[in-house]
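This report refers to the structure that appears directly beneath it.
The values are calculated or read from the model by the stated rules, or taken from the named source; none is laboratory data. What you see is a predicted model; the values in this text were computed from it and never measured. Neighbour counts are summed over all protein chains in view; Cβ atoms, including those assigned to glycine, are modelled from backbone coordinates with ideal geometry.
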Amino acid sequence: MKVKVVINGFGIIGKRVADAVKKQSDMELIGVVKAHQSYSANIANELGYPLYIASSTNKEDFLKAGSKIEGTLDDALQMADVVVDATPDKVGKANAEIYKKYKNLKAIWQGGEKADIAEVSFNAMANYEKALGKKYVRVVSCNTTALCRSIASIKEHYNIKEVNAVIVRRAADPSETTKGPINSLEPALHIPSHHGPDVRSVLPDVNIQTMAVKAPTTLMHIHSIIMKINENASAEEILKIFENAPRIRIFKENDKITGTAELIEYARDLGRARGDLMENAVWKEGLNVVDKTIYYYQAVHQESIVVPENIDAIHAMFEMFKDKNSSIKSTDNTLGISKN
Ligand code: NAD
């Protein structure tokens with residue numbers, strides 16, 4: 001039996017998760033839900049994704065634009081086993097009341113919602129097993145996902161004493177033309193930035209502090225990470241861990257990938273849909289270990305990094321795979337990001 005999935009919110013994250021669900025042989029995309037008419041309603045129609053609307057009040061807008069609508073959110077939820085909420089920050093909280101009306105419906109929220117919306121804040125590498133059989137799960141944000149992936153892979157081999165990370169955040173996604181800054185760097189003044197506590201919602205025993213600076217770019221974030229461990233390690237050993245970890249891609253100096261622009265070009269050249277790079281990008285030469293302290297950079301494609309985690313969250317909630325490695329392997333194969 002296939003798990004029946006509804007995607008509520010067909011924006012940056014929702015449209016990618018919908019594509020990913022379509023690629024799973026054990027899942028069925030019941031439909032995608034839109035609140036406001038826009039070109040993407042017609043895209044959903046063209047892709048053959050059944051289109052539902054959040055409320056019937058603006059049905060006329062959709063019909064006037066020539067969109068074919070199957071019904072409302074409630075109609076879609078009646079047929080679903082799980083709803084993936086990919087609506088804007090804080091809208092998901094209001095939607096929780098709607099989802100709870102359906103006794104057997106499970107729900108996944110994204111990182112724009114607070115941790116207390118769900119039973120578990122989730123990252124596949126870091127705490128897959130915690131989401132097994134759960135009804136309500138939150139897939140953490142793009143930055144938190146990338147931090148959890150690399151921290152969890154090192155944590156499997158070493159005792160981590162302390163992590164400090166400085167995050168250079170993209171100011172907006174490429175399509176968000178009204179957001180800024182466009183010519184300024186803006187530090188997050190409250191320290192730690194929200195990312196550190198968010199990592200602890202997944203990895204409660206990791207002592208992490210974070211700072212963040214918003215930068216006028218739309219492509220990716222970059223993290224500078226300083227991690228103290230209790231044992232001796234070499235840069236080669238840490239590199240090997242990252243090379244063997246799923247969803248971490250290593251780039252070398254002679255690849256001539258000097259920054260985020262070439263990383264996105266690289267993903268485009270690989271033929272990745274939308275130029276998505278769902279893996280953490282780590283530079284080999286940008287990684288070092290000095291006095292039991294690991295230093296590394298990682299770049300994060302905010303638009304796509306959480307997509308595989310949403311598929312793994314469904315796997316865990318329906319106990320389709322009992323362990324993280326089997327789930328990650330299956331997800332990565334279907335999404336074309338497997339290392340093997
Ligand atoms: P988005 O604005 O691109 O998409 C949200 C979509 O939901 C839009 O199409 C909007 O019209 C629609 N919408 C608004 N109200 C709705 C409602 N009541 N019902 C149904 N649809 C509604 O947002 P996004 O960037 O995809 O973010 C979604 C979630 O994912 C947020 O929690 C965000 O924090 C998180 N997230 C975003 C990114 C990112 O970089 N974009 C990365 C990781 C996680």
Inspect all residues belonging to region 168-176 and state whether any of them is touching a helix residue (DSSP H, G or I) at 6+ places or on another chain (Cβ under 6 Å), crowded, with 22+ Cβ neighbours inside 10 Å and either farther than 30 Å from Val5 by Cβ or of a type outside the set (Phe, Trp, Tyr) (or both). no
With within 19 Å of Pro308 (Cβ to Cβ) and either touching a strand residue (DSSP E or B) at 6+ places or on another chain (Cβ under 9 Å) or acidic (Asp, Glu) (or both) as the only criterion, which of Lys68, Lys34, Lys22 stands out? Lys22
Quick one: would you say Ile154 is touching a strand residue (DSSP E or B) at 6+ places or on another chain (Cβ under 7 Å), part of a strand (DSSP E or B) and either away from the ligand (no atom under 14 Å from the Cβ) or more than 18 Å from Glu303 (Cβ to Cβ) (or both)? no
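Yes/no matrix, rows are residues, columns are (1) part of a helix (DSSP H, G or I); (2) within 30 Å of Arg200 (Cβ to Cβ); (3) hydroxyl-bearing (Ser, Thr, Tyr); (4) within 15 Å of the ligand (Cβ to nearest atom):
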{"residue": "Val6", "(1), (2), (3), (4)": "no, no, no, yes"}
{"residue": "Gly14", "(1), (2), (3), (4)": "yes, yes, no, yes"}
{"residue": "Ala44", "(1), (2), (3), (4)": "yes, no, no, yes"}
{"residue": "Asp61", "(1), (2), (3), (4)": "yes, no, no, yes"}
{"residue": "Ala94", "(1), (2), (3), (4)": "yes, yes, no, yes"}
{"residue": "Ile98", "(1), (2), (3), (4)": "yes, yes, no, yes"}
{"residue": "Asn104", "(1), (2), (3), (4)": "no, no, no, no"}
Among the numbered criteria (1) within 28 Å of Ala188 (Cβ to Cβ); (2) assigned to a helix (DSSP H, G or I); (3) of a type in the set (D, E, K, R), which one does Lys228 miss? (2)
Out of Ala146, Ala131, Ala118, report the one residue that is away from the ligand (no atom under 13 Å from the Cβ), touching a residue at least 12 places away in the same chain (Cβ under 8 Å) and under 15 Å from Val306 (Cβ atoms). Ala131
Conditions: (1) surrounded by 21 or more Cβ atoms within 10 Å (Cβ to Cβ); (2) more than 24 Å from the chain's Cα centre (by Cα); (3) β-branched (Val, Ile, Thr). Thr57 meets all but one. Number of the miss? (1)
Whether any residue in region 157-172 is outside any helix (DSSP H, G or I), over 21 Å from Tyr296 (Cα atoms) and not assigned by TED's automatic domain parsing to the domain that holds Ile328 is what I want to check. yes
When every residue in region 285-326 that is hydroxyl-bearing (Ser, Thr, Tyr) and crowded, with 22+ Cβ neighbours inside 10 Å is compared, the one farthest from the ligand (Cβ to nearest atom) is Tyr296
Look at Ala35 and say whether it is within 12 Å of the ligand (Cβ to nearest atom) and either of a type outside the set (Ser, Thr, Tyr) or under 23 Å from the mean Cα position of the chain (by Cα) (or both). yes
Looking at (1) outside the structural domain of Tyr128 (by TED's automatic domain parsing); (2) touching a His at 6+ places or on another chain (Cβ under 6 Å), which one does Phe321 not meet, given that it meets all the others? (1)
Only listed residue being over 23 Å from Glu176 (Cβ atoms) and either touching a strand residue (DSSP E or B) at 6+ places or on another chain (Cβ under 6 Å) or of a type in the set (D, E, K, R) (or both), chosen from Val17, Val6: Val6
Among the listed residues Ser193, Ser153, identify the single one that is within 20 Å of Arg249 (Cα to Cα), surrounded by fewer than 22 Cβ atoms within 10 Å (Cβ to Cβ) and either among the β-branched types (Val, Ile, Thr) or under 21 Å from the mean Cα position of the chain (by Cα) (or both). Ser153
For Leu73, indicate whether it is buried (at least 19 other Cβ atoms within 10 Å of the Cβ), modelled with pLDDT of 95 or more and more than 23 Å from the chain's Cα centre (by Cα). yes
As an exercise: evaluate Glu285 against (1) among the charged types (D, E, K, R); (2) part of a helix (DSSP H, G or I); (3) free of Cβ contacts under 8 Å to residues at least 60 places away in the same chain and give the number of the one condition it does not meet. (2)
Taking region 63-74 on its own, how many of its residues are more than 14 Å from the ligand (Cβ to nearest atom) and part of a helix (DSSP H, G or I)? 2
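Okay, residues lined up against (1) closer than 14 Å to Val300 by Cα; (2) aromatic (Phe, Trp, Tyr):
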{"site": "Ile191", "(1), (2)": "no, no"}
{"site": "Arg200", "(1), (2)": "no, no"}
{"site": "Ile208", "(1), (2)": "no, no"}
{"site": "Ile222", "(1), (2)": "yes, no"}
{"site": "Asn232", "(1), (2)": "no, no"}
{"site": "Leu239", "(1), (2)": "no, no"}
{"site": "Lys252", "(1), (2)": "no, no"}
{"site": "Glu262", "(1), (2)": "yes, no"}
{"site": "Trp283", "(1), (2)": "yes, yes"}
